[in-house]
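Input: a single structure, listed below in structure tokens.
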Amino acid sequence: MDKIISSYRDSVIALQKELVQRVAMSPENGGDGEQEKALYLATYIEENFGLEVRFFNALDQRVSSGQRPNLISIYKGKREQILWIISHLDVVPEGDISLWESDPFDLRVEGDLLYGRGVEDNNQAIVSSLLVLKALKEQNLVPDYSLGLVFVADEETGSKYGLNFLVEQQAEIFSSNDLFLVPDYGVPSGLEIEIAEKSMFWLKVTVVGKQCHASVPDKGVNSLVACSAFILELSKLHRIFPKKDKLFCPPYSTFNPTKKESNVDNINTIPGKDVFYIDARVLPDYPLDRVLQEVKLIGKQIEDEYNVSIQYEIVLQEQAACPTKEDDLIVRKLKRAIKKVLQQEARCVGIGGGTVASVLRKRGYSTAVWSSLLGFAHQPNECSSITNTLNDARIMFNLLFD
Ligand SMILES: [Zn+2]
């Protein structure tokens, strides 16, 4: 079977060509949604494999079709238990077009590499999973597990119309007994399986002093000085939240001041208001409410010492789901399949957050995030390897058997 899948190079190119030219962009990104790409895929599956494709449409009046499509197609195996392979239809915009060496929406092939927006994120996963179907169908095989292909909308802009919609509206589709694979993170070697994510916390901090002329600074309260002191004090958070977990890189929680809004326009004014932002990636064991509490305690000291007042606004608060365990069935099977196809051991990792796996993990579905990716998602000249696409298909294929 490995030889058969390895001979699908032409199919990879043909499919990627069709997918790349159907620009599936969310309205937030100035696009008209995923409908055209979804219709193409549904027709492809029905015509080539004779399988039923079900549409689960989330209504969205911002796109011309009025809906954001989510597709499901199932190939029956010996058991009811389903291996779900979940990929997303939508892509991000091309960005600065002058940085591209070719049209981002017209596939370019160079040896083993394919170039175009979406070839890696997430067309590679769509194509690999279709190749598994192709192999099953051509060989007329009945695998041990059933195979469920899921193509969701809206992954790049929050999944409200995508996987979140699917698991909320159609909860009966998935069973906690099923296996879940999300091929949307990975290293080029294919030897990392993501099983955990840190919690994400974005906080806006506004420090208010009193503006005045810089020649008489005592008449005001310099918010920039207080803001700077606050930023330096944030490193204390590492001592307050010291836990380490080797699954993650870095293995500890991170608390970084990032964006800083501009304050006064001229040099001779003492600023009276400064705004900065914190990006925190926190190990799953710590509740984010506690992080906010500790930030506010530091802020209280700054208020007292510098005579300013400080306001907080949560921009994003995403408590991580319970990690998938290393000895869960999907992870064990995946390790075995990778070993068989690539002849190397894969290792489990945690990442800084957040893939759609958290939507599934929060509902108790044990989910592995894995793929063999070169790492050019969202970049100009995004590219994807044909060999990796074929190897991923071989590994997915193996997961269907005991
Ligand atoms: Zn993606």
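Only the coordinates and a few stated rules stand behind these numbers; no lab work does. Small disclaimer: the values here were computed from a predicted structure and weren't measured. Cβ sites come from the backbone with ideal geometry, for glycine too, and all protein chains shown count toward neighbours.
Just flag the trypsin sites (Lys or Arg not before Pro) in region 216-279 sitting in loop per DSSP whose Cβ has no more than 12 other Cβ atoms within 10 Å.
Details: sites: K219, K236, R239, K243, K244, K246, K259, K260, K273; in loops: K243, K246.
Within region 216-279, the qualifying trypsin sites (Lys or Arg not before Pro) (loop, at most 12 other Cβ atoms within 10 Å) are K243, K246.
Which loop GluC sites (Glu not before Pro) in region 308-402, with loop taken from DSSP, have no more than 11 other Cβ atoms within 10 angstrom of their Cβ? Could the numbers behind the result be given before it?
Details: sites: E313, E318, E326, E345, E382; in loops: E326, E345, E382.
Listed in order of number, the matching sites are E345.
Positive-end ranking of Y277, S235, F165 along the dipole of region 154-286, with charges on Cβ about the Cα centre, is headed by S235.
Our summary gives region 199-318 a relative contact order of 45 percent, counting only alpha carbon pairs under 8 angstrom and 6 or more residues apart.
Just add up the charged neighbours of K243: K/R +1, D/E -1, any other residue whose Cβ is under 15 Å from the Cβ of K243. Intermediate results must be reported in sequence, preceding the final value.
On the way: positive: K198, R239, K244, K246, R281, R290; negative: D245, D285, E294.
Net of charged neighbours comes to +3.
Converting phi to 3J(HN,Hα) with the Karplus coefficients 6.51, -1.76 and 1.60 and the offset θ = phi - 60°, region 77-93 yields x, 5, 9, 5, 4, 10, 8, 8, 10, 10, 10, 10, 7, 7, 10, 8, x Hz in sequence order, with x at every glycine or proline.
Under 5 Å from the amide H of L83 lie the amide H atoms of S146, L147, G148, L179, each residue being 5 or more positions distant or on a separate chain, with H modelled from the backbone and absent for Pro and chain starts.
Would you kindly give the portion of the calculated P(r) for the chain that falls above 38 Å, as a percent of all Cα pairs? Intermediate values should be presented prior to the final figure.
Values: 23607 of 80601 pairs.
That tail contains 29 percent of the Cα-Cα pairs.
Taken one residue at a time, the phi angles of region 42-51 give Karplus couplings (6.51, -1.76, 1.60, θ = phi - 60°) of 4, 5, 4, 5, 5, 6, 8, 10, x, 9 Hz. Gly and Pro are set to x. Ordering M396, M200, M1, M25 by the number of other Cβ atoms within 10 Å of each residue's own Cβ, fewest first, gives M1, M200, M25, M396. Under 5 Å between amide hydrogens, built in the peptide plane, is the criterion, and for V187 it picks out E192, S371, L373 among residues at least 5 positions away or on other chains. Inter-label distance, H378 to N177: 3.9 nm, where each label sits 7 Å from its Cα along the C-beta direction. Of the three principal axes defined by the Cα atoms of region 199-318, the extents in descending order read 53, 25, 20 Å. Entry note, the chain: relative contact order of 24 percent, from Cα contacts under 8 Å with a spacing of 6+ residues.
Given Cβ point charges of +1 (Lys, Arg) and -1 (Asp, Glu) and nothing else, what value in debye, to the nearest 20, does the dipole of region 199-318 about its Cα centre take? If you can, show how the numbers build up before the last one.
Values: 15 positive and 15 negative charges, 53 e Å.
The dipole of region 199-318 has a size of about 260 debye.
In region 199-318, taking the dipole from charged Cβ atoms about the Cα centre, the farthest positive-side position among A214, V308, Q293 is held by Q293. Taking the DSSP bridge list for the chain and keeping only pairs wholly inside it, about 70 percent are antiparallel.
Strictly over 23 Å apart at the Cα level, which of K246/K335; K244/K325; K76/K339 would you flag in this model?
Values: K246/K335 19 Å; K244/K325 17 Å; K76/K339 26 Å.
Too far apart for the 23 Å limit: K76/K339.
Helix-only mean residue ellipticity at 222 nm, the chain, DSSP H runs n ≥ 4 weighted -39,500 (n - 2.57), per residue, nearest 500. What is it? Theoretical 222 nm ellipticity from helices: -9500 deg cm²/dmol.
Shape summary of region 285-350, radius of gyration then Dmax from alpha carbon positions: 21.7, 65 Å. Ordered by the number of other Cβ atoms lying within 10 Å of each residue's own Cβ, fewest first, D392, D96 fall into the sequence D96, D392.
First check a/c for region 264-402, with a ≥ b ≥ c the square roots of the eigenvalues of its C-alpha gyration tensor; if it is under 1.5, answer rounded, and if not, answer prolate when a/b is larger than b/c or oblate otherwise. Could the numbers behind the result be given before it?
Numbers: a/c = 4.24, a/b = 2.13, b/c = 1.99.
Verdict is prolate for region 264-402.
Only the Cβ atoms of Lys and Arg (+1) and of Asp and Glu (-1) were treated as charged; on that basis the dipole of the chain about its Cα centre amounts to roughly 1180 debye.
Each part reduced to its alpha carbon centroid, region 1-34 and region 77-145 end up 5 Å apart. Annotation: amide H-H contacts under 5 Å for S253 (H modelled 1.01 Å from N, sequence separation of 5 or more, or interchain): L283. Take every Cα pair under 8 Å whose residues are at least 6 apart in sequence, average their separation, divide by the length of region 115-231, and the relative contact order is 13 percent.
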